[in-house]
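Read-outs throughout are calculated quantities, based only on the coordinates presented, and are distinct from any laboratory measurement. Remember, it's a predicted structure, so these values are computed and weren't measured experimentally. Here Cβ is always computed from backbone atoms with ideal geometry, including for glycine, and neighbour counts include all displayed protein chains.
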Amino acid sequence: MPSDASLGTLHEAIQLAFGWSDDHLHVFADEFGRRYGTFGSDSADEDAAALGDVFTEDGARLRYTYDFGDDWEHRITLERTLPRPPGMQRAVRCTGGRRADVPGEDIGGVWGLAEVLDLLGDPDGAEHELHGELITGLSERGYNPSAFDQDEITRRLARLVPDTVSGTGKPSRRGLAGSTLGRRPAAEEVTGCACGRCGTGDLFEFDFEDLDEDAPPLRPVTLAPREELVEAALEVPLFDAARRLSSWCAEGRQITAGKVLRPAAARAVTEELELWKLADSGSMWADEQSRAAALKSLRSAADVPVLDEPWRLALDGGLITLSGNRAWGGDADDFAGEDLLEFWSGTLSRLLEEITETGVLNGLPGTLDAVIGGNLADGGLDELTAEITDGLVGLLYDVPDGDWLDMDDVLGRARADYRGGGEFALVEALFTTSFRELGEGLARWGAVEYAPGDREGATPVELLRAVMNAMGGREPKALEDLPGGPGPDGGRAARMRLTPLGRYGVRAHLMEYGVPAPLLGEYAEADADTLLTGILSYPPDAMRQEVDGWLERRSAADAAVSLLDACAGEGPEAAAKRSIAQLVLADFDDPRALKVLHKAAAATTEGCRQVAAATLGTHPRAGERMEPPVDRDRVESSALWLMIDGLSVFAGVVDSEELAQVLRENRLMTAEALEQRVDDLWRVVHPATARVLAELGEGLRGVDKRLAKRMRVAANKARSRS
C-alpha cells in the first residue's frame, strides 16, 4: 500500500481481502494503545491518519478488531518499506498469503470458525443446528480452507482506490502495557451498528482496562548480563531436570507407542534423578511411601507428573529426540548458553500467551462456570481472568527491580477505580485468585519470587457466592467478608516480584507481541533525533539517565549540533522534542557548545533558532566572549514562540483537570506565566498560535474563567492578524 494512504484505506483492504461485509464496527489500536476508527471520542479519525505516520519503522505493529460481538482480531505488521518506482500506479496489491478467507460472519468468532472447519469434514455437518446452512453452501462451492487464491484477492483489491492524506489525525493515549487493546463500545457508540450484536447493556459490564487506562507506557529497564541470565535458567528446577533427563537418555531408552518411557524406565529415572523433588510438599510424589506405591502400580509414564513435565520440556527443546522405539539424549552440558536462554524465554512466552488468553483457573465446578458464562458480558470466567492476568503482567513488569507487587496495592487500585456495587465482590475474588495462580505459575519457571502471604485467594465456592451476590445486587457486609480480603485480624497479602531472569523473559514476550519495552542505554549510539523521539514517553528519571549516557559518548559541541538539528519540524512530536532538547542544552557549559548555540540563534531554521536563542537567554555565561552579544529581543520572542510551541502539545487533547495539572507541573507554563504573557502571545508568529489560544480558552474554563476569556480574546486577535 502507498505510505500516504489512510488507515481507512487499510480498513477497506482488510474487508476485501478477508471477505468481510463491513456490517459491523471496527477499531485500530497501535503499539502504544492509541486508537483509530470512525466512532468514539477516544479514537482518532482513521481517514486522517496516514500509514507512514502510524507505521514509523519496519516491524511496527497494529491491531485491527472487527465486530465487537465476534471480536475478529487481525495483527498487522509492517514488514518492509520500499521506494515507489517512478510512474508506478497507486494501488493496493497482494504479495502472498496462506489459507482461504473466513467463510462467513456472525459465526461466533475464532471459536465458531474452528467449529465450522471441523464440521466441513463431518458427513453430518449439513445437519448441524446452527451452522448447517453455511456448511451446505461451503460444500457446494468446494470451499477449501487450505487453499489461498492470490489472483482472487488481487481482483478484489483492484476495486480499491487508495486515498491520500497528510496525516493530521490526533490519536489518544490509552491502555496498560501488557493489557489487551480492544474495548467494548458504549451504548451511545453503537446506535448505528447494523449487527445488533455488540453487547451493550448486559447484566455485568466489566471493563478491567479502565482500571489502568491512564497508566504510563512501560518504563525503561536494564537487564542482567546474559551470562548471569543463562546461569539462572540452568538453576530453574524444571529445566535442570530436563537437562539431566537428556543425559540419562544418552545411550537410548525404550519408549512406548505413546512416545513416553516404558513403565520400568519411568520408575527408575524418577528415583535415580530424584524427580520427585519437583512435586509440592503435600503431593503424594513427595512422600516416600506413597511414591513407592504409585510407582509399583504404574502403567504409563504419562501418569507421573514429576516425570511428564521435564519429559515434554526436553522433547520440545530438542534435548531428547525420538527415533524408532527409543529416546536419545545427550550430555547435560550440550544444551546451555544462549540456546538454553532462548529456549527458556520461548517456554515462558508460551505460558504467558496461554494464561493471558484463557485465564489461570482450571477445574472449577460446572455450575460456577455456567453461571458466569451465562451472565457476564465478556463471555465467562476464563475471559475475565485472562484480562485481569494480562493487566497483572503489565503491572508486574512496571515494578522497579527488587520491589514487590503487593496484592493489597492491586486491590486498592481496583477499589479506587471501580464504581462498586454488589458485583464488586466478584471483582475482588477474581483479582485475588488470579494473582495467586499467576504468582505460583511464574515461580515454577524461575520468573518471579512469590510470597503467598497469610491469606488465600477465593475458592470456587466463594467465587460462586460472589457471582450470586453480584446477580442480586447485594453488597458484602464487611470488607473482611470479601474473598481474599484481609480478614478480621488483618494479615499480610500475597506478593511477587520479577527475578532478573523473569524480567528478561517478560520483556521478550511483550516485544514479541509488539509492545514497546525500552532498555536504558539503547539510544547511546543513536543520533539526537532518534534519542529525543525514543524518550518522549520516558519518566523524568529514566529520561535523564538515558540522556546522560548519550552525552558521555560525544563531545559537548557535537551533542549541541545534533540536538539543534533535531529541533526542526512541525507538529506536536517536534514540539515535544524541542522541549526536551532545550532542557538538555540548558546544562551545557562548554565554550564550544555555547558558540554552536550562538551561531544557531542567528540562523533561519524555525525551531532550531528559537531553542538556541531562548537557551542562551537564560545561560549565565552566554554573554562571555560572544560577538556579537546575544540579542535580548530575539531571546524574548523566542521564549514566547517556545511557549506557544510547548502548549501546542497539550492544547486540544486534555480536559480542564488535565490542563490544570500540566500548568502546575510546568514552571514555564503556569497560569501566572500565561496571565503575564497573554497580551503578547497572540503576536507570536507560529503556525499553531490561533489554535492553541482558542483551545486553551476552552480548556481553562474550569480552571480560571477570567484567564480563559482573555485567551479567547487573544485567539480572535491572532486570527485577525493572520
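Points to keep in mind about this one:
- Charge context of ARG719, other residues only, Cβ under 12 angstrom, K/R +1, D/E -1: +4
- ASP590/THR38 FRET efficiency (R0 60 Å; Cβ-Cβ; nearest 0.05): 0.70
- Extended-chain gain in nm, criterion 0.36 nm per residue less alpha-carbon gap, ASP22 and GLN150: 44.0 nm
- In order along segment 433-450, the phi-based Karplus estimate (6.51 cos²θ - 1.76 cosθ + 1.60, θ = phi - 60°) of 3J(HN,Hα) comes to 5, 5, 4, 5, 5, 5, x, 5, x, 6, 5, 5, 9, x, 8, 9, 9, 10 Hz; Gly and Pro are listed as x.
- Paramagnetic reach from ARG93 in segment 45-63 [backbone N under 20 Å; point 7 Å along Cα→Cβ]: 51-52, 58-59
- Positive minus negative residues near GLY534 (Lys, Arg vs Asp, Glu; Cβ under 9 Å): -2
- Averaging Cα coordinates gives a centre for segment 494-557 and one for segment 33-97; these two points are 26 Å apart.
- Protection proxy ranking of 6-18, 550-562 - average other beta-carbon atoms within 10 Å, highest first: 6-18, 550-562
- Under 5 Å, built H, 5+ apart or other chain: amide partners of LEU405: MET496, ARG497
- For segment 77-164, the Cβ-based charge dipole about the Cα centre amounts to some 1120 debye (Lys, Arg positive; Asp, Glu negative; other atoms uncharged).
- ASP303-ARG141 pseudo-label distance in nm [points 7 Å out on the Cα-to-Cβ vector]: 5.2
- Remark on VAL221: its backbone amide H falls under 5 Å from those of LEU519, LEU520, a criterion applied only to residues 5 or more positions apart or on other chains, H modelled at 1.01 Å from N.
- For segment 256-267, backbone phi angles converted through the Karplus equation (6.51, -1.76, 1.60; θ = phi - 60°) give residue-by-residue couplings of 8, 5, x, 6, 10, 4, 5, x, 4, 5, 4, 4 Hz, Gly and Pro being listed as x.
- Packing-based ranking, highest mean first, of 146-157, 384-395, 676-687, 602-613 given that Cβ atoms within 10 Å are counted: 384-395, 602-613, 676-687, 146-157
- Karplus (6.51, -1.76, 1.60) ³J(HN,Hα), θ = phi - 60°, over segment 389-401, in Hz, Gly and Pro reported as x: 5, 4, x, 5, 4, x, 4, 4, 5, 7, 6, x, 3
- Radius ratio Rg over Rh of segment 1-105, counting only Cα atoms, Kirkwood formula for Rh: 0.95
- Point-to-point label distance, VAL110-GLU512, nm (Cα→Cβ direction, 7 Å offset): 1.4
- Cut-off 17 Å, label 7 Å out along Cα→Cβ of GLU440, residues of segment 396-415 by amide N: 407
- Model label points for LYS296 and ALA602, set 7 angstrom from Cα along the Cα-to-Cβ axis, are 9.9 nm apart.
- Efficiency of FRET between ARG350 and VAL685 - r from beta-carbon atoms, R0 60 angstrom, step 0.05: 0.55
- Restricting the GluC sites (Glu not before Pro) of segment 216-268 to loop positions (DSSP other than H, G, I, E, B) with no more than 12 neighbouring Cβ atoms within 10 Å leaves GLU235, GLU251.
- Residues whose amide H lies under 5 Å from that of ASP71, counting only those 5 or more places away or on a different chain, are absent; hydrogens are built 1.01 Å from N in the peptide plane.
- Full extension of the chain between GLU570 and SER720 gives 51.7 nm of extra length, using 0.36 nm per residue less the Cα-Cα distance.
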